Amino acid sequence: MFEVYIHVPFCLRRCGYCDFNTYTATDLGAGASRGNYANMVIREMKLTKQWQLDHGIAEPPVSTVFFGGGTPTILAARDLVAMLDAVRKIWGIAPDAEITTEANPDTVNEYYINELAAGGFTRVSFGMQSAVPHVLKTLDRTHTPANVAVGVNAANKAGLRSSVDLIYGAPGESLDDWRTSVTTAIDLGVNHISAYALTVEPTTKMGRQIAAGTLPKPNDDDEAAKYEIADDLFAAAGLEWYEVSNWARPGYESQHNLGYWRNVDWAGLGPGAHSHYNAVTEADHPQSASLTAPAGGGCPADAGLGVVSVSHGLRSWDIAHPRLWGTAINENRVPWADSETITPEENLEELIMLGLRLHEGLDLDRINRAINDAGMSSTPQTLRTVSVDQLAPMISEGLITVSDNHRVVPTRRGRLLNDSVIEQFFDFVGV
């Protein structure tokens, strides 16, 4: 599978809890403006495609496209459609592809949604966060619950799938407030809901308020109680958890996010976006043997290949500031800040971390193959395989279950203690 993520770094205002790579200015220089942004991303697509060709990467037609941010819907709908059309022209799009944009309920209406639907979008993810006005105010959100309902209704009418995102644990949010948000989201009739615990970064406005004592710090026990409330209410409404923070009716899971958790290939476009490739051919050529970016950021789009010598995984990330990102594109360089080789051991770690977040579970047979690929069975002191018997302590603690086909699935307790589950599994594997 191959996915495309497009980051739109513009917002109407910056929410107090947000530490994403977003900006409120309309023009950030070097062509990275709201009005010209689609053109810049399309140019990056062409540079990325050429880089793939130069490094022996032949991806299948795109299975999912996801526009995130920031606020993608701050751009004109025709700009989102133009970028989607470019993906179709450059890589091709599978007939059943999932095409999603995140949306701020303040920035869309029926006409906007209809234009997206006509342009090939299949799904809209609305940033609801809460249904309680004082919680929205604490989060610096400007929309109202009514705006969310208008957006969902417009998407339904246009034949698009809808999802809503919720955040729990905001300062001052009671358990009853959270129940109200969850039941309101369910009553919208959407088939997919994400619910994330609030993470407070010290550099954000909210982080500074908490440090100054003007807002209370989120409480782990409170967030755990809210997770259990959400899980119970979603299950009663027919929404099943399929990833630690995501619930859906069967068949309505986010295919794009599942791709991340299954560790597929994806190209990230836009300032700060990350890309991931499972197999890249490295060339014995002075200009392209190193896949990391040169000083100043950006990789030549026309680096020659020479003799192919190595195949490995690769992770890269775009230059974060839009002006510098745009400068690299204007100089005909893939706008990476840097990249790194994914070693077999790092790949094993990622398979464990991602797999233990999923309802489909972590495939023990795949993990044991990855242990051998990482060369971790070369000494008697390291585990050659992970067996069900070795996982008995975690099973008895009620953290995981193991299916007949050797899939390790976290229980609800295991989801709440996911970091601990992952660490214990690392100990079994020896990483």
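Just give me the residues in the range 202-219 being loosely packed, with under 12 Cβ neighbours inside 10 Å and in contact (Cβ under 8 Å) with a residue 60 or more places away in the chain, in sequence order.
203
Just checking, how many residues over the range 128-159 are at pLDDT 95 or above, open to solvent by 10 Å² or more (accessible area, probe 1.4 Å) and in contact with a strand residue (DSSP E or B) (Cβ under 8 Å, 6 or more places away or on another chain)?
Adding up the residues that qualify gives 2.
What pairs come out if I take residues in the range 409-427 that are free of Cβ contacts under 8 Å to residues at least 60 places away in the same chain and in a helix (DSSP H, G or I) and pair them with residues that are open to solvent by less than 60 Å² (accessible area, probe 1.4 Å) and among the β-branched types (Val, Ile, Thr) whose C-beta lies under 6 Å away, six or more apart or interchain?
What qualifies is 414/400; 414/421.
Under the condition of being open to solvent by 40 Å² or more (accessible area, probe 1.4 Å) and polar (S, T, N, Q), which residue from the range 264-302 is modelled with the highest pLDDT?
278
Could you tell me how many of the residues in the range 1-39 are within 22 Å of the chain's Cα centre (by Cα) and of a type outside the set (Ser, Thr, Tyr)?
Selection size over the range 1-39: 20.
Collect the residues in the range 185-196 that are crowded, with 17+ Cβ neighbours inside 10 Å, out of contact with any strand residue (DSSP E or B) (no Cβ under 6 Å at 6 or more places or on another chain) and not in a loop (DSSP other than H, G, I, E, B), keeping them in residue-number order.
Selection gives 186 alone.
What are the pairs with Cβ atoms under 8 angstrom where one residue, in the range 240-252, is farther than 9 Å from residue 192 by Cα and the other, located anywhere, is open to solvent by less than 50 Å² (accessible area, probe 1.4 Å) and of a type in the set (Ser, Thr, Tyr)? Sequence gap at least six, or different chains.
245/194
Within the range 342-367, track down each residue that is in a helix (DSSP H, G or I) and of a type in the set (Gly, Ala, Ser).
The one that is in a helix (DSSP H, G or I) and of a type in the set (Gly, Ala, Ser): 355.
Would you be able to tell me the number of residues in the range 60-69 that are within 17 Å of residue 40 (Cα to Cα) and surrounded by fewer than 24 Cβ atoms within 10 Å (Cβ to Cβ)?
Total satisfying the criteria: 2.
Looking only at the range 379-396, which residues are touching a Leu at 6+ places or on another chain (Cβ under 9 Å), part of a loop (DSSP other than H, G, I, E, B) and either at pLDDT 95 or above or over 20 Å from residue 360 (Cα atoms) (or both)?
385
Can you confirm whether residue 56 is part of a loop (DSSP other than H, G, I, E, B), in contact (Cβ under 8 Å) with a residue 12 or more places away in the chain and within 23 Å of residue 314 (Cβ to Cβ)?
Values: part of a loop (DSSP other than H, G, I, E, B): yes; in contact (Cβ under 8 Å) with a residue 12 or more places away in the chain: yes; within 23 Å of residue 314 (Cβ to Cβ): yes.
So residue 56 fits the description; yes.
Can you give me the number of residues within the range 21-51 that are surrounded by fewer than 20 Cβ atoms within 10 Å (Cβ to Cβ), over 15 Å from residue 89 (Cα atoms) and touching a residue at least 60 places away in the same chain (Cβ under 8 Å)?
Counting residues in the range 21-51 that are surrounded by fewer than 20 Cβ atoms within 10 Å (Cβ to Cβ), over 15 Å from residue 89 (Cα atoms) and touching a residue at least 60 places away in the same chain (Cβ under 8 Å) gives 5.
Go through (1) within 30 Å of residue 170 (Cα to Cα); (2) surrounded by fewer than 18 Cβ atoms within 10 Å (Cβ to Cβ) for residue 76 and report which single condition fails.
In the conditions (1) within 30 Å of residue 170 (Cα to Cα); (2) surrounded by fewer than 18 Cβ atoms within 10 Å (Cβ to Cβ), residue 76 misses (1) alone.
For residues in the range 246-263 being open to solvent by less than 20 Å² (accessible area, probe 1.4 Å) and under 28 Å from residue 339 (Cβ atoms), which is modelled with the lowest pLDDT? Steps first, answer last, please.
First pass over the range 246-263, keeping only residues open to solvent by less than 20 Å² (accessible area, probe 1.4 Å): 246-248, 254, 256, 258-259, 263.
Among the residues that remain, those that are also under 28 Å from residue 339 (Cβ atoms) are: 254, 256, 258-259, 263.
Working: 254: 98, 256: 98, 258: 96, 259: 96, 263: 91.
Ranking the qualifying residues of the range 246-263, first place goes to 263.
Can you find a residue in the range 309-326 that is farther than 30 Å from residue 72 by Cα, of a type in the set (Asp, Glu) and at pLDDT 95 or above?
Residues of the range 309-326 farther than 30 Å from residue 72 by Cα: 309-312.
Subset that is of a type in the set (Asp, Glu): none.
No, that holds for no residue.
Scan the range 168-198 for residues that are without any contact (Cβ under 8 Å) to a residue 60 or more places away in the chain and out of contact with any helix residue (DSSP H, G or I) (no Cβ under 7 Å at 6 or more places or on another chain) and jot them down.
174, 176, 180, 181, 185, 187, 189, 196
Test residue 182 against the criterion of being more than 17 Å from residue 102 (Cβ to Cβ), at pLDDT 95 or above and either within 20 Å of the chain's Cα centre (by Cα) or open to solvent by less than 40 Å² (accessible area, probe 1.4 Å) (or both), and give yes or no.
On the way: more than 17 Å from residue 102 (Cβ to Cβ): yes; at pLDDT 95 or above: yes; either within 20 Å of the chain's Cα centre (by Cα) or open to solvent by less than 40 Å² (accessible area, probe 1.4 Å) (or both): yes.
Judged against the criteria, residue 182 is a match.
The values are calculated or read from the model by the stated rules, or taken from the named source; none is laboratory data. Nothing here was measured: the structure is a model prediction, and the numbers come from that model. Neighbour counts run over all protein chains shown; Cβ positions are idealised from the backbone, glycine included. Please note that ligands, DNA and RNA were not included when accessible areas were found on the heavy atoms of the full protein model with its side chains. Shrake-Rupley method; radii C 1.70, N 1.55, O 1.52, S 1.80 Å.
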